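Reading through the structure tokens given below for one structure.
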There are 2 protein chains.
Amino acid sequence: MKDRRIAVVGAGAVGGYYGGRLAQAGHHVSFYTRSGIAEFRASGLHVSSIAGDFVLPHVRVFDDTAAMGPADLIIVSLKSTAIEAYLDLVTPLVAKDSMILCLQNGLGNEEIFAAAFGAQRVLGAIAFTCINRTAANHIVHLAHGLLRIGEFGSPEIERARSIVAMFRNAKVPAEAVADLRHSRWEKLVWNIPFNGWGAALDLHTAGLLGTRAGETLVRETMAEVIRAANAVGIPLKRSQIDMEISRTKGMGQYHTSMQLDRQNRRALEIQAILGKPLQLAASAGETNLPRMTTLLECLSALMNR
Amino acid sequence: MKDRRIAVVGAGAVGGYYGGRLAQAGHHVSFYTRSGIAEFRASGLHVSSIAGDFVLPHVRVFDDTAAMGPADLIIVSLKSTAIEAYLDLVTPLVAKDSMILCLQNGLGNEEIFAAAFGAQRVLGAIAFTCINRTAANHIVHLAHGLLRIGEFGSPEIERARSIVAMFRNAKVPAEAVADLRHSRWEKLVWNIPFNGWGAALDLHTAGLLGTRAGETLVRETMAEVIRAANAVGIPLKRSQIDMEISRTKGMGQYHTSMQLDRQNRRALEIQAILGKPLQLAASAGETNLPRMTTLLECLSALMNR
């Protein structure tokens, strides 16, 4: 398996961490980064992690995917704010049997790659982790870390299982899921309130849960996401809410990536996290989602600053 | 009229400006301030105003209302975030015929004074103005400035008219209103979205109106305030929305007082602006106000920072 060539497109917090784990375990990993290439080349990749710190002094890093050559596994970990640009970035990496693994939040990303390169190539991964990038080539992994990996266009789960095994051998907890859509919606139950309201109000997780009103806001928003999921045929249950609240209280003051994007005036992943879910729910006849709708308006208004 | 003793309780942007205009016109005005007394005593009150700049080099200013003596007209312009403390502050100023004029945003303030000192003493004023305090004793008046003044506990309008005349003679546009509740709700149509969402999202007025999504957020919130007003018997019309949007676009990048309070981590006037209106609407059977409810949760969550 270690002769597999892996390309990580997007060496941010998530791509840097998970790609870094694979490189540390001896895999042939190349990274594409939009920024910070000088720092990577000068001092490699530095990871502080609850699962063990590590440094990769020499990293294969590029700012042009055409220079990377084709890859067997393409891990797309760019933020989903400029989907159109992804295709051009990924095209030079795609060979006859390349797999494309969308390691991103929200909905709609696999569809883009499936349309462009064929659904049979595409898998999705969902990271349940608290991870931040503190400098171009410094990553801090604070809590959790599970990857859930599933096929997008294929009923077989064997490829997903082989990728899961590769991550497990690289100190990354991972599991294969039979229903990627289910897992994506399940993750949205957390992402929409904590990324969404966290960015809109500029509050970390403990800030959102520090008042009864804030916890109500989070819980009511989660209930809407579950209603939206149910409308599109995903059987999430309201009992997830208590579990998510309790798990999040254990995270302390976690600043989600979207809150950090807001603070740094970067583009927000609004479409994948909120726009697409609302659109799918509306197509299924569920339009009474006032907190999600209001949140979409709030985040869209912030994009104009 | 100029032998009338006027006490301004709260020399912030609004109290400082309107009280300053009365002092400049020759009235006997004393100010109570919670902070900045040294600056007032050292260099007076400085006002930059679209209606003409002025400086009052000597201002009667106190940090203890007991030292001020009784007043004929008590203008309460404290923020409504510590209502309980007002009564103690105002008590030493109240004589047999004192009038109390609540120059504050939102609902519920007149009721507090009416219960403590008698409804017949109480009037309310609503300021339609863009005004900020840039230092303890420096006020910048940016736009508009109209005061609407009405009786709270009396069907007579004569006292309100005499106060209106006093302000008009002091370069302050003013008008008497027959229905104070109507005017307070009418103002809330603006205050709730612009103060509320402006503070929640940390966006100025032009920021809120700079995207289609932001304008939708504002318009939908205004529509809910109008529905809430209608539920409690105040006949506001949806045509007000276009007028408010158009007027606000003329203000440029106005930072509401609540946005500035958020930025400076001061208490937010949540109860008067949102809590009380929602409570009155609910008592009248209108509970389907999701944007107002969500906004109340957002602002309450921010109070815990």
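For the stretch B:182-304, what Kirkwood radius comes out of the mean inverse Cα-Cα distance, in Å?
14.3 Å
Would you calculate a helix-derived [θ] at 222 nm for the protein assembly as shown, using -39,500 (n - 2.57) for each DSSP H run of n ≥ 4 and dividing by the full residue count, to the nearest 500?
It lands at -12000 deg cm²/dmol.
Measuring from label point to label point, each 7 Å out along Cα→Cβ, what is the B:N169 to B:D242 span in nm?
Once both label points are built, they end up 4.2 nm from each other.
Which of the lysines could a cross-linker span from B:K276 if the Cα-Cα distance has to be under 22 Å and same-chain partners fewer than 8 positions apart are dropped?
B:K79, B:K187, B:K237
Taking the mean number of other Cβ atoms within 10 Å as a proxy for protection, how do you rank B:66-79, B:272-285 from highest to lowest?
Result, highest mean Cβ count within 10 Å first: B:66-79, B:272-285.
List the distances, in nm to one decimal, from the label point of A:M251 to the label points of the same position in every other copy, shortest first, placing each label point 7 Å from Cα along the Cα-to-Cβ direction.
Ordered by distance, the counterparts are at 3.5 nm.
For the Cα atoms of chain A, what angle does the longest principal axis make with the long axis of helix A:180-191, in degrees from 0 to 90, nearest 10?
Value to nearest ten degrees: 60.
With the radius of gyration and the Kirkwood radius both derived from the Cα set of the stretch B:76-123, what is their ratio Rg to Rh?
Here Rg/Rh amounts to 0.91.
For the stretch B:5-178, calculate the relative contact order in percent as a whole number, restricting contacts to Cα pairs under 8 Å that are 6 or more residues apart. Please list the in-between numbers first.
Values: 382 pairs, mean separation 38.5, N = 174.
Relative contact order of the stretch B:5-178: 22 percent.
Can you list the equivalent-ellipsoid semi-axes of the protein assembly as shown, largest first and in whole Å, using the square root of 5 times each Cα gyration tensor eigenvalue?
Working: eigenvalues 665, 123, 75 Å².
Ellipsoid semi-axes (Å, largest first): 58, 25, 19.
Rounded to whole Å, how close does chain B get to the rotation axis onto A by Cβ? Give me the residue too, please?
B:P290, 2
Calculate, for the protein assembly as shown, the solvent-accessible area per residue in square angstrom, rolling a 1.4 angstrom probe over the heavy atoms of the protein chains.
39 Å²
Taking the Cα atoms only, what angle lies between the long axis of helix A:239-249 and the longest principal axis of chain A, rounded to 10 degrees?
That helix lies at roughly 70 degrees to the long axis.
Show me the three semi-axes of the equivalent ellipsoid for chain B, from the C-alpha gyration tensor (sqrt of 5 times each eigenvalue), largest first, rounded to whole Å.
Values: eigenvalues 181, 96, 66 Å².
Over the Cα atoms of chain B, the ellipsoid semi-axes are 30, 22, 18 Å.
One quarter of the convex hull surface, Cα atoms only: what value does that give for the stretch A:64-199 in nm²?
If I average the Cα hull's projected area over directions, I get 8.7 nm².
When the Debye formula is applied to the Cα atoms of the stretch A:38-111, each taken as the same point scatterer, what base-10 log of I(q)/I(0) results at q = 0.15, 0.18 Å⁻¹?
Per q value, in the given order, log10 I(q)/I(0) is -0.68, -0.92.
Label-to-label distances across copies for B:T287, with labels 7 Å out along Cα→Cβ, in nm, shortest first?
2.4
Quote the relative contact order of the stretch B:182-304 in percent (integer), defining contacts as alpha-carbon pairs under 8 Å separated by 6+ residues.
Relative contact order comes out at 36 percent.
Taking the alpha-carbon centroid of each part, what is the distance from the stretch B:241-305 to the stretch A:112-137 in angstrom?
For the stretch B:241-305 versus the stretch A:112-137, the Cα centre distance is 38 Å.
For the B and A pair, go ahead and give the buried accessible area with a 1.4 Å probe, both sides summed, in Å² to 100.
Result for this pair: about 1900 Å² buried.
Once phi is turned into ³J(HN,Hα) by the Karplus curve 6.51 cos²θ - 1.76 cosθ + 1.60 with θ = phi - 60°, what whole-Hz value does each residue of the stretch B:62-72 show in order, with x for glycine and proline?
9, 10, 8, 5, 5, 7, 8, x, x, 10, 7
When the accessible area of the protein assembly as shown is split by element with a 1.4 Å probe, what percent falls to carbon and sulfur? It would help to have the intermediate numbers written out before the result.
Working: 11990 of 23700 Å².
Here carbon and sulfur together make up 51 percent of the probe-accessible area.
Sorted from shortest, what are the nm distances separating the label point of A:F54 from equivalent points in the other copies, each placed 7 Å from Cα along Cα to C-beta?
Here the equivalent label points are 7.4 nm apart from this one.
With everything on Cα atoms, drop me the angle between helix A:212-231 and the longest principal axis of chain A, reported from 0 to 90° to the nearest 10.
The angle comes out near 70 degrees.
The values are calculated or read from the model by the stated rules, or taken from the named source; none is laboratory data. Given the structure is predicted, the values throughout are model-derived calculations rather than measurements. Cβ sites come from the backbone with ideal geometry, for glycine too, and all protein chains shown count toward neighbours. For accessibility, only protein heavy atoms count, side chains too; no ligands or nucleic acids. Shrake-Rupley method; radii C 1.70, N 1.55, O 1.52, S 1.80 Å.
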